[in-house]
Amino acid sequence: EAAVTQSPRNKVTVTGGNVTLSCRQTNSHNYMYWYRQDTGHGLRLIHYSYGAGNLQIGDVPDGYKATRTTQEDFFLLLELASPSQTSLYFCASSDSYEQYFGPGTRLTVL
Amino acid sequence: GDSVTQTEGLVTVTEGLPVKLNCTYQTTYLTIAFFWYVQYLNEAPQVLLKSSTDNKRTEHQGFHATLHKSSSSFHLQKSSAQLSDSALYYCALSDGSNNRIFFGDGTQLVVKP
């Protein structure tokens with residue numbers, strides 16, 4: 001079974017702050033994804049990657065950067081956090097049609 | 001582009017009664033897979049059902065869905081809802097072209113005693 005972990009699980013920051021969310025998968029999947037989940041909007045794709053050094057833009061990329069340093073590790077960066085980025089963030093990995101999700105990181109921007 | 005529509009944001013049903021969650025889609029690709037993901041409170045989404053075969057019923061955990069390409073639908077049904085079925089349900093499709101999955105907005109299912 002796929003194993004995807006995220007850290008931190010909860011994060012509180014202030015407007016303008018820098019935040020890095022981390023994701024690691026241990027199943028040698030090529031694809032990794034970052035989503036945000038908000039009530040009424042479901043899961044929205046921010047960025048994704050099909051391998052180390054690769055980055056693809058998702059549907060809601062504004063205000064977010066991402067970096068895939070290894071096959072296992074995918075990071076989401078918020079360099080100037082805003083209250084509108086308060087959300088639940090999920091990472092996922094895949095090597096076929098099916099995606100496996102991590103437990104999520106709840107981010108609050110005050 | 002691809003899209004998935006779930007018409008109900010909230011479905012409330014009494015325990016023991018049947019439930020149906022609607023899902024329709026639009027896609028321009030031929031090679032596609034369909035999913036129902038379920039997300040229980042404070043947990044991550046996980047696959048409940050998946051299918052890529054037209055007119056074939058797929059079942060898991062008492063739920064079933066049949067892909068109907070003629071009507072672009074993949075509705076989720078259960079004959080007798082249980083309290084433990086209360087969760088957020090996402091319909092999704094993958095066109096396989098870049099390993100993206102397109103999610104609907106989700107349907108919150110509440111099962112009442």
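The values are calculated or read from the model by the stated rules, or taken from the named source; none is laboratory data. The structure presented is a predicted model; accordingly, all values stated were derived computationally and were not measured. Note: ideal-geometry Cβ built from the backbone for every residue, glycine included; neighbour counts use all protein chains shown. SASA here: full protein model, heavy atoms, side chains in, ligands and nucleic acids out. Shrake-Rupley method; radii C 1.70, N 1.55, O 1.52, S 1.80 Å.
Could you check segment A:14-33 and list, in sequence order, the residues that are part of a strand (DSSP E or B), within 14 Å of A:Leu78 (Cα to Cα) and open to solvent by 20 Å² or more (accessible area, probe 1.4 Å)?
Within segment A:14-33, A:Thr20, A:Ser22 qualify.
Any chance you could count how many residues in segment B:8-33 are modelled with pLDDT of 95 or more and open to solvent by 70 Å² or more (accessible area, probe 1.4 Å)?
Qualifying residue count for the region: 6.
Just give me the residues in segment B:50-79 being charged (D, E, K, R), open to solvent by less than 70 Å² (accessible area, probe 1.4 Å) and not in a strand (DSSP E or B), in sequence order.
Residues of segment B:50-79 charged (D, E, K, R): B:50, B:54, B:56-57, B:59, B:69, B:78.
Still in the running and open to solvent by less than 70 Å² (accessible area, probe 1.4 Å): B:54, B:78.
The one that is charged (D, E, K, R), open to solvent by less than 70 Å² (accessible area, probe 1.4 Å) and not in a strand (DSSP E or B): B:Asp54.
Here is a check on your reading of the model: is B:Gln26 within 12 Å of another protein chain (Cβ to nearest Cβ) and among the polar types (S, T, N, Q)?
Numbers: within 12 Å of another protein chain (Cβ to nearest Cβ): no; among the polar types (S, T, N, Q): yes.
Judged against the criteria, B:Gln26 is not a match.
Kindly indicate the residue of segment A:68-110 that is of a type in the set (Ser, Thr, Tyr) and within 22 Å of B:Ser97 (Cα to Cα) and also farthest from the other protein chains (Cβ to nearest Cβ) among those meeting that condition.
My answer is A:Ser93.
Please go through segment A:45-59 and pick out each residue that is facing chain B (nearest Cβ under 8 Å) and under 13 Å from the mean Cα position of the chain (by Cα).
Matches in segment A:45-59: A:Leu45, A:Tyr48, A:Gln56.
Kindly evaluate A:Asp59 against the criterion of being open to solvent by 10 Å² or more (accessible area, probe 1.4 Å), modelled with pLDDT of 95 or more and not small (Gly, Ala, Ser).
No, not satisfied.
Give all pairs with beta carbons closer than 7 Å in which a residue from segment B:15-42 that is more than 19 Å from B:Arg100 (Cβ to Cβ) meets a residue that is charged (D, E, K, R); count only pairs at least 6 apart in sequence or on separate chains.
Correct list of pairs: B:Glu15/B:Lys112; B:Pro18/B:Lys78; B:Val19/B:Lys78; B:Leu21/B:Glu8; B:Asn22/B:Glu8.
Restricting attention to segment A:34-44, does a residue exist that is away from chain B (no Cβ under 14 Å), out of contact with any Pro (no Cβ under 6 Å at 6 or more places or on another chain), basic (Lys, Arg) and surrounded by 13 or more Cβ atoms within 10 Å (Cβ to Cβ)?
no
Going by the structure shown, is B:Val4 surrounded by fewer than 21 Cβ atoms within 10 Å (Cβ to Cβ), assigned to a strand (DSSP E or B) and of a type outside the set (Asp, Glu)?
The answer is no for B:Val4.
When only residues in segment B:96-111 that are outside any strand (DSSP E or B), facing another protein chain (nearest Cβ under 9 Å) and out of contact with any Gly (no Cβ under 9 Å at 6 or more places or on another chain) count, which is surrounded by the fewest Cβ atoms within 10 Å (Cβ to Cβ)? Step through it out loud before you land on a result.
First, the residues of segment B:96-111 that are outside any strand (DSSP E or B): B:96-100, B:104-106.
Still in the list and also facing another protein chain (nearest Cβ under 9 Å): B:96, B:98-100, B:104-106.
Within this subset, residues satisfying the condition of being out of contact with any Gly (no Cβ under 9 Å at 6 or more places or on another chain) are B:96, B:98-99.
Details: B:Gly96: 15, B:Asn98: 10, B:Asn99: 21.
Once the filter is applied, the top-ranked residue is B:Asn98.
Which members of segment B:34-49 meet the condition of being open to solvent by 10 Å² or more (accessible area, probe 1.4 Å) and more than 11 Å from the chain's Cα centre (by Cα)?
B:Gln39, B:Tyr40, B:Leu41, B:Asn42, B:Glu43, B:Ala44, B:Gln46
Residue pairs, Cβ under 6 Å, 6 or more apart or interchain, first in segment B:66-92 and closer than 12 Å to B:Leu21 by Cα, second polar (S, T, N, Q) and open to solvent by 40 Å² or more (accessible area, probe 1.4 Å). List them.
B:Ser73/B:Thr24; B:His75/B:Asn22; B:Leu88/B:Gln108
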